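Here is the structure we will look at.
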Amino acid sequence: MPDSITFDESTTGKIEFWKDAPHVTLYIDDYNVMEEVTDLTKLRKGDHCIVGLNPVRKLHRWCDALVFFLASWEILRLYHHFIMFEDVVSIDSKGVPLNAEGEAAKICEYSNTPVGAIRQALKIGIVNFIRDPAPFQQLTLHDYQDGRSAFGIYRVVDNITPKDRDSIVQEAKNLMLSFKPYDIIFRNCEHAAWGLDAGTKRWISPQVPWFLYNFLRLVVHLIGCILLYHLETLRGISPDLRVEGWGFYENATVIVYNLFTTIPVGLQVLVSLVRSAVRLTERKEKLGEMIYFFLLAKEVARAVISGGMAILMLALLPRIVWSFGCIVIASFFVMTSYFLSDVVFNVSAQLIMRWLNSSGTGVPVAVFASQRELQRQSKLPRTSFWEAFSPRLTQLEWVPRSNNPSDASTTLIRERSKSCPSSPILGSSVRRRTLRIKKGKENGA
């Protein structure tokens, strides 16, 4: 069996098995890559960490464990962000992550807990609490999870230098001294984390537009539910009472239904796939070959399987309602088909990956290579500006330009190159240039 398969004159591909593949996935902005951290001692100061959004944090450890489980299996796609304030050096017998001084390792974030929120509201008043419900503060990492069995904590994949880490910690200290009140739209935990993140340094929150878009899509899907209810009403009318052109009226209802349900989901799947492919390609060199091709294949599979399931389900619902009724069940699937298909895909992918890793086989990754790209990259390294824009000179011939051999006022330099490739910039592999060299002065200039 050949090591690689040739698809055409320039593209080859092969399957590589990624041993002990880490759990990496794209963030909801389809640009940043997250890696699940199973050993908290690998966390360093300045790391941008992401966990599942938990509005009832610390009410009960089972609730916290459930949120981490849902985030680990990519079922929960709403996230909370924080920045590591110190390195995690060790884990004590109680599961507390410790720093170099043996104290609980700290993080910084915009956050609060239900109990803390009640205490704060009683202390400063309801009005003041609404204006500032969550301070930017320093907490211990142990507030989130027991270090002896870590799961559901992600770290943004980035190359952070020691200097950058020190800078992030200093900026976090400054922010704790002069932070502005929390605002879920314009100033939340995600804004602060991306603002401190070494690779971003922008005060942004991708979850806000992502949530608003999905909310608007669900509102549009409500129109689809109304149209399904209308279709069921038409179904209940006796055939004897149906007027001429009834079939056209029924078909028009189905077309409008698909316009408000199936098409928005299809567009969302298409836009997400294109955006993922473009943004992953932008970061290919930084991410590395295995992560790039693994995530690219995963997102293509997501679009085909998850998107295809959702679109098929939505397209079949009018026929199901017309044949069997079941308007309540049909409306439920109109509102949740895209989410459910994505959950099925994520859980299935996780099951397959974890089984392949545990069996020692490794995760198969399809790796492709372009011969044109490899040839282009092999010619990029140059030793000088002249070599980058001109052929290698292999032979020079000095030929008198004038018919009079004694006239050396001008000279023809004929230049041949045996290695210069043909291109619109460099021209043919053999060139001739004529240079005029003035007769030297007495000083030899």
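The values are calculated or read from the model by the stated rules, or taken from the named source; none is laboratory data. Here the structure is a predicted model, which means the values were calculated and not measured. Glycine gets a Cβ as well: all are built from the backbone with ideal geometry, and neighbour counts include every protein chain shown. Surface areas here come from the heavy atoms of the whole protein model, side chains and all, with no ligands, DNA or RNA. Shrake-Rupley method; radii C 1.70, N 1.55, O 1.52, S 1.80 Å.
Okay, here's what the table says:
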{"read-out": "Förster radius 25 Å - calculated FRET efficiency between TRP62 and GLN137, Cβ distance, rounded to 0.05", "value": "0.50"}
{"read-out": "Theoretical gain in end-to-end length, ARG148 to GLU282 [0.36 nm per residue, Cα-Cα removed]", "value": "44.6 nm"}
{"read-out": "Cα-based convex hull, the range 213-344, per residue volume (Å³, whole number)", "value": "99 Å³"}
{"read-out": "Residue-normalised accessible area of the range 46-149, given per residue in Å² at a 1.4 Å probe", "value": "49 Å²"}
{"read-out": "Förster radius 56 Å - calculated FRET efficiency between ARG202 and ARG372, Cβ distance, rounded to 0.05", "value": "0.95"}
{"read-out": "Over the range 151-273, equivalent-ellipsoid semi-axes from the Cα gyration tensor in Å", "value": "53, 15, 10"}
{"read-out": "Net length gained if the chain between VAL274 and ASP20 were fully extended (0.36 nm per residue, minus Cα distance)", "value": "88.6 nm"}
{"read-out": "5 Å-binned pair-distance histogram of the range 84-126 (Cα, whole percent)", "value": "6, 21, 17, 12, 14, 14, 11, 5, 1"}
{"read-out": "Carbon plus sulfur fraction of accessible area for the range 1-55, probe 1.4 Å, in percent", "value": "52 percent"}
{"read-out": "Solvent-accessible area per residue for the range 185-323 (1.4 angstrom probe, square angstrom)", "value": "54 Å²"}
{"read-out": "LYS58 accessible area, 1.4 Å probe, all protein chains in place, Å² to nearest 10", "value": "110 Å²"}
{"read-out": "Solvent-accessible area, 1.4 Å probe, carbon plus sulfur percent, for the range 59-200", "value": "60 percent"}
{"read-out": "Two-site FRET efficiency, MET176 against TYR229, from Cβ-Cβ distance with R₀ of 60 Å, rounded to 0.05", "value": "0.70"}
{"read-out": "Quarter of the Cα convex hull surface for the range 1-104, i.e. its orientation-mean projected area (nm²)", "value": "10.9 nm²"}
{"read-out": "Greater than 32 Å apart at Cα, pairs in LYS180/LYS284; LYS58/LYS123; LYS163/LYS298; LYS106/LYS180; LYS45/LYS284", "value": "LYS180/LYS284; LYS163/LYS298"}
{"read-out": "Evaluated at q = 0.24, 0.25, 0.26, 0.35 Å⁻¹: base-10 log I(q)/I(0), Debye formula over Cα of the range 255-296", "value": "-0.74, -0.77, -0.80, -1.06"}
{"read-out": "Separation in nanometres of the label points that stand 7 Å from Cα toward Cβ, at THR336 and ASP164", "value": "4.1 nm"}
{"read-out": "Extension gain, PHE7 back to SER359 (0.36 nm per residue minus Cα-Cα distance, nm)", "value": "123.6 nm"}
{"read-out": "Over the range 81-159 - Rg/Rh using Cα atoms and the Kirkwood inverse-distance radius", "value": "1.06"}
